[in-house]
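Below is one structure; the comments refer to it alone.
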Amino acid sequence: MSAVYRVDKFIVPDQAREEFWRNVRRTHAVLREQPGFLEEVLLERHSGPGRFNAVTIVKWASADDLAAARTAVEQAHRQIGFQPAEFFRTAGIEADLMNYVEVEA
């Protein structure tokens, strides 16, 4: 199987920025411990036009590893009572969540 990239793009209002990144870091701590995790990048817009001001990218060894990690994150969120969809709704965060694979150059 080939690597899979989880690329999540967000529109984060200024007032939610700190809490957003705190939640991202907590979630990524769980992701880094999962089988098949290869690397991550957390990005915040520096300049230029566009809707999204935060991007997270995680590279996984396979789609199966990504699916298993999703389950682990959901369990970790349940344990601490964190509901991402509710947080996004109340904070006014919009998300575009997608999986990608590499194409040959």
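FYI, it's all coordinate maths here, none of it is from the lab. For clarity, every value in this text was computed on a predicted model and none was experimentally measured.
Okay, helix-only estimate at 222 nm for the chain: each DSSP H run of n ≥ 4 adds -39500 (n - 2.57), divide by all residues, round to 500 deg cm²/dmol; what do you get? Walk me through the intermediate numbers first.
Numbers: 3 runs with 42 residues, N = 105.
The helix contribution divided over the chain gives -13000 deg cm²/dmol.
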**Request:** Could you list which residues have their amide H under 5 Å from that of residue 53, counting only those 5 or more apart in sequence or on another chain, with H placed in the peptide plane?
**Result:** 10, 11, 12
**Request:** Please find, in a Gaussian network model of the chain (springs between Cα atoms separated by less than 10 Å), the residue of 82, 20, 37 whose mean-square fluctuation is greatest.
**Result:** 82
**the chain: relative contact order as a whole-number percent, Cα under 8 Å and 6+ apart** = 48 percent
